[in-house]
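Here's the structure we're looking at; comments come further down.
The values are calculated or read from the model by the stated rules, or taken from the named source; none is laboratory data. Model, not experiment: these values are computed from the prediction. With ideal geometry, Cβ positions are generated from the backbone for all residues, glycine too; neighbour counts draw on all protein chains shown. Surface accessibility is based on the protein's heavy atoms, side chains included, excluding ligands, DNA and RNA. Shrake-Rupley method; radii C 1.70, N 1.55, O 1.52, S 1.80 Å.
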Amino acid sequence: AKDGGRNGYRFYQQEMQTKVAERAMLEKALHSAVLNDEFYLVYQPQVNEKGELIGFEVLLRWFNEVLGLVPPCRFIPIAEETGIIDEVGYWVLENACHQLKAWEEAGLPSSFKGIAINISPYQFAKDSFVDTVKEVIENTQVNPSLLDLEITEGMLVENISSVAEKMWLLKECQLRFSIDDFGTGYSSLRYLQHFPINQLKIDQSFVRDLSRAPNSHVIINTIVSMADHMGLLVLAEGVENPIEKDILNKIGCTRYQGYYFSKPVESDIATRYLTADTVF
Ligand code: C2E
Ligand code: CA
Ligand code: CA
Ligand code: CA
């Protein structure tokens, strides 16, 4: 070992202990978060090339008195490992649909295609998933064609036939599917043909590279042209400035989401975006 290896090890041990303790604390708090009403939803606009609102991605937020605002990247994995994701996922679905129903009743702008909800692989893998979604649609009376479920590439690789069956059943109910973080997983475009997919969401990492690495431009170009041939829509995530938007537009990607247009906002502001016919 190097000089100070002992101290380094001790430090590492302490750090591990802190991490384990922190995780235990998060897990404990997460168990009562739904009951204590600690979750809320925010909505990030998705826009077309004219800057019109075409949808909202629904994003979960957790505020705990002691822990403060905990980012989803810290609590979603714990919720998945512990199974709490079932309850949390249901909460998201139900509350997002309640909100959507209120928006429907107020009247939607013609450009608006609906809301996108993130579905965890654990949630989707449940035998009851299709019935759960149907139940929420029934209870909230939303128009199911306004629902876009975001799933990840990784989910398409395992249990292909059961995944495909669930997707087809939901498609029969008019729901749509988007592939989230597209390009970061394993699936090839050809492979996607087995599933009823409506849209690919190009991962932010490709958009981030656009103004730096010339190759990222080529990657997005390939995704867009192949998606075109397959009749799939393409939406770019993480668009942060007009340069990125213009490059994407030239490549033929005409749907965007990102801080350049709007950060995720709470429901009152989302409602204002909808009713004021905001152009982004
Ligand atoms: P995601 O599905 O890829 O969501 C997009 C994330 O990128 C969001 O972070 C969003 O706030 C952020 N983002 C949007 N535009 C920009 C931009 O221009 N620049 C940058 N740097 N970031 C941008 P958030 O809300 O922290 O969510 C992180 C992840 O947590 C999501 O990634 C999703 O995988 C997961 N997540 C969030 N809500 C839910 C949920 O309700 N259910 C499940 N299963 N997962 C969720
Ligand atoms: Ca997403
Ligand atoms: Ca994403
Ligand atoms: Ca992501």
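Normalised by the number of residues in the chain, the mean separation of alpha-carbon contacts (under 8 Å, six or more apart) gives a relative contact order of 20 percent. Cα centroid separation, the stretch 124-155 to the stretch 238-260: 29 Å. Charge tally around Ser110: other residues with Cβ under 15 Å, Lys/Arg +1 each, Asp/Glu -1 each, net -1.
Couplings for the stretch 95-104, taken from phi via the Karplus curve 6.51 cos²θ - 1.76 cosθ + 1.60 with θ = phi - 60°, read 6, 5, 5, 4, 5, 4, 4, 4, 5, 4 Hz in order; Gly and Pro are left as x. For the stretch 7-101, with all protein chains in place and a probe radius of 1.4 Å, 56% of the accessible heavy-atom surface sits on carbon or sulfur. In this simple spin-label approximation, Asn7 and Ser111 carry label points 7 Å from Cα along the Cα→Cβ vector, and these lie 5.9 nm apart.
So if R0 is 22 Å, what FRET efficiency would Glu104 and Val34 give, r being the distance between their Cβ atoms, rounded to the nearest 0.05? It comes to 0.30. On the basis of the beta-carbon distance and an R0 of 41 Å, Lys50 and Met25 show a calculated FRET efficiency of 0.30.
Taking label positions 7 Å along the Cα-Cβ direction at both Asp228 and Arg74, the computed distance is 4.4 nm, reported to one decimal. Near Val130, once Lys and Arg are set to +1 and Asp and Glu to -1 for all other residues with Cβ below 12 Å from its Cβ, the sum equals -1.
Loop only by DSSP, 13 or fewer other Cβ within 10 Å of the Cβ. Give me the chymotrypsin sites (Phe, Trp or Tyr not before Pro) in the stretch 157-253 that pass, ordered by residue number.
Passing sites in the stretch 157-253 are Tyr186.
Coupling constants for the stretch 149-159 follow from the phi torsions by the Karplus curve (6.51 cos²θ - 1.76 cosθ + 1.60, θ = phi - 60°), and in residue order they are 9, 9, 10, 9, 3, x, 5, 7, 7, 9, 6 Hz; glycine and proline get x.
The smallest convex shape that holds all Cα atoms of the chain, its convex hull, gives 167 Å³ per residue. Helix-only arithmetic for the chain: the sum of -39500 (n - 2.57) across DSSP H runs with n ≥ 4, divided by the residue total, places the mean residue ellipticity at 222 nm at -15000 deg cm²/dmol. When only Cα pairs below 8 angstrom with a gap of at least 6 residues are kept, the stretch 165-280 shows a relative contact order of 20 percent.
Report the local net charge at Ile119: Lys and Arg +1, Asp and Glu -1, summed over other residues whose C-beta lies under 11 Å from its C-beta. Numbers along the way, then the final one.
Details: positive: Lys126, Lys166; negative: Asp148, Glu150, Asp180.
Here the charged neighbours net out to -1.
Between Asp277 and Lys126, full extension at 0.36 nm per residue minus the direct alpha carbon distance yields a gain of 50.5 nm.
With a/c under 1.5 counting as rounded, go ahead and sort the stretch 202-269 into rounded, prolate or oblate using the C-alpha gyration tensor (a ≥ b ≥ c being the square roots of the eigenvalues; past the cut-off, prolate if a/b is larger than b/c, else oblate). Note, shape of the stretch 202-269 comes out oblate.
Rounded is the label for the stretch 68-208, because a/c, from the alpha-carbon gyration tensor with a ≥ b ≥ c as root eigenvalues, stays below 1.5.
Volume per residue of the convex hull around the Cα atoms, evaluated for the stretch 1-100, comes out as 161 Å³.
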